[in-house]
1. Going 7 Å from the Cα of A61 along its beta-carbon direction, which residues of the range 75-101 have the amide nitrogen within less than 14 Å of the resulting point?
2. Take the alpha-carbon positions of the range 61-196, form their convex hull, and give its projected area averaged over all directions (one quarter of the hull surface) in nm².
3. Give a quick list of GluC sites (Glu not before Pro) in the range 134-206 that DSSP marks as loop, anything other than H, G, I, E or B, with at most 12 other Cβ atoms within 10 Å.
4. Can you spot the lysines whose alpha carbon is less than 30 Å from K116's alpha carbon? Ignore those fewer than 8 places along the same chain.
5. Roughly speaking, what is the centre-to-centre gap between the range 144-166 and the range 192-222 when only Cα atoms are used, to the nearest Å?
Amino acid sequence: MLTEWAGVMPPSRLRIITSFLTLSALSDHRADANLSFLKFMIDEFAFDNTEERRKNRQNGAGWIEVIVGSMFSGKSEELIRRLNRARIARQKVQVFKPKIDARYSVGEIASHSGQKHDSKPVTTAAELMAAIDESTQVVGIDEGQFFDADIVKAANELANRGMRVIVAGLDQDYTGTPFGPMPHLLSIAEFITKIHAICVKCGQTANYTQRTVESDALVEVGASDKYEARCRKCFVPHADAPTLHE
Ligand code: ADP
Ligand code: ZN
C-alpha cells in the first residue's frame, strides 16, 4: 500500500508514516485499524481532492485534463494553479502556448488577474512535440483553441508516454461555435473542468464570449478591450458569422 503513495509523498512524511506503521504492527493487534485510519488521514488531508489523487499512477499511464470556459472564466488561473502545485511536488513541468502574435510571444502565460507562469511559445503542435523533454512529467498548454488539429494526436501521444497533459482553452469562439481542436480534446480527455465567468450585463453565470468590436476575423487578439463574458440571455452572436444560436 505504501508504494502507491510513495511517488507523491515527501520523503520526510513517508519516513514518519513508515515508523508509525512499524510501531503499530509491533505493538498490538490494532494494526489493521491503525492502517485504515492512516489511509483515511492520507486520503483526506494529504491530497487535493481532485487532481492530486490522479498522480497516484497504478500502471504508468498518463492522462489528459482539459479546462474550458468563456474568456475571463479563470482558465489560465486554474492552469497556473495546477502547474504550481505540480512544481511544488517537484515534478518536471513544461508549459506551452501558441505563438499568435507579438503580444502572445512573450515567454509566459498570464491570467487576467495578473498571475503568471513561464511558458514556451510554439507555432505548431509538431514544434511542441519536438520541444518535449523525455523526463517531463506534466505538460501544460494554454490557449489550446489556437493550435492546429495535430494537438489532439500530440496530447494523446504524451499521455500514452506517461505524462499528465493539462490543456486550457476556449470551448466556443465569439459566435458560440466550438473552437478549433477543443471539442476533439474534450472527447478524448480523462478529466474535464468547465468553469464560468460572471456576465458583465446581469451578473449571472457567463458561458459565452461577446466580441464588442466590429470584426469578422475568427482570431482577434484582445482582452476586455474587445471581449466581454456574457450569459445565454445577454449573449448576442456576431450578426455576420455562422452560429449555433441564430
Ligand atoms: P481566462 O483564462 O478564462 O480568460 P483568467 O484566468 O485569465 O481567465 O482570468 C480570470 C480572472 O479574470 C478572474 O479571477 C477575475 O479576476 C477576472 N475577471 C475579469 N472579468 C471577469 C468576469 N466577467 N467574470 C469573472 N472574472 C473576471
Ligand atoms: Zn447576462
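1. none
2. Averaged projected area of the range 61-196's Cα convex hull equals 7.5 nm².
3. Details: sites: E134, E143, E157, E190; in loops: E134, E143, E190.
In loop regions of the range 134-206 (DSSP not H, G, I, E or B), the sparsely surrounded GluC sites (Glu not before Pro) are E134.
4. K55, K75, K92, K97, K99, K153, K194, K201, K226
5. Value for the Cα centre distance between the two parts: 25 Å.
A short reminder: the numbers here are calculations on the coordinates, not readings from a lab. What you see is a predicted model; the values in this text were computed from it and never measured. Glycine gets a Cβ as well: all are built from the backbone with ideal geometry, and neighbour counts include every protein chain shown.
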